[in-house]
Amino acid sequence: MLIFADTSALFALLVRNDLGHAAAKANFEDLMKQRARLLTSSYVLLETLTLLQRRVSLEAVFDFNHKFMPLLEVVWVDETWHARALQRLQAERSRSLSLTDCLSFEIMEAEEIDTAFSVDRHFSERGFKMAALQED
């Protein structure tokens, strides 16, 4: 099973004092038991690392890079992916939607991924399943 990992769930998972941490951790552990593979983009990594640096510490950035990055498959954004995301952003015409979100949707559609490890409502609004922070 291939799941797309979004910044919102990754941050909640990694930051113990985040309100969604316990649920994110439980859902992540469940995904790992199911042997789910987590795919993300280099834009999501940039967002996640930036949030960790600003809100937590540089040490959290280094820990993420050394301990968590090996668990992720990464789509490294090139000019073509960037153009696709920008085209989608222009078509969507929503200020609440980020370029990173648009790229995530493009990757999910291209890879035929129907589920996101995310709490960002934009995923469910576009018909994707959510595998994050939903307590039983």
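Nothing in this text is a laboratory measurement; each read-out follows from the coordinates by a stated rule. Computed from a predicted structure; not experimentally measured. Methodologically, a virtual Cβ is constructed for each residue, glycine included, from the backbone with ideal geometry; neighbour enumeration extends over all protein chains shown.
Test of understanding: given the chain, find the longest segment containing no trypsin sites (Lys or Arg not before Pro) that are in a DSSP loop and have at most 11 other Cβ atoms within 10 Å. Kindly include the intermediate steps, with their values, before the conclusion.
Numbers: sites that count: Arg16, Arg35, Arg93, Arg95.
The segment 36-92 is the longest one with no such site.
Among Leu89, Leu39, Leu103, the largest mean-square fluctuation in a Gaussian network model of the chain (Cα springs under 10 Å) belongs to Leu89.
When the chain is treated as a Gaussian network with alpha carbon springs shorter than 10 Å, the biggest mean-square fluctuation among Ser96, Ser57, Ser104 belongs to Ser96. Using C-alpha pairs below 8 Å separated by at least 6 residues, the relative contact order for the chain is 34 percent. Dipole size of the chain about its Cα centre, with +1 on Lys/Arg Cβ and -1 on Asp/Glu Cβ: approximately 260 debye, rounded to the nearest 20. Look at Thr115, Thr48, Thr100 and count the other Cβ atoms within 10 Å of each Cβ; fewest to most, that gives Thr115, Thr100, Thr48.
Given Ser98, Phe62, Met1, which one lies farthest toward the positive end of the charge dipole of the chain, if we put +1 on the Cβ of every Lys and Arg and -1 on the Cβ of every Asp and Glu? Of the candidates, Phe62 comes out farthest on the positive side.
Loop only by DSSP, 16 or fewer other Cβ within 10 Å of the Cβ. Give me the GluC sites (Glu not before Pro) in the stretch 8-71 that pass, ordered by residue number. Working shown, then result.
On the way: sites: Glu29, Glu47, Glu59; in loops: none.
Passing sites in the stretch 8-71 do not exist.
Between the Cα long axis of helix 21-33 and the first principal axis of the chain there is an angle of about 80°, rounded to the nearest 10.
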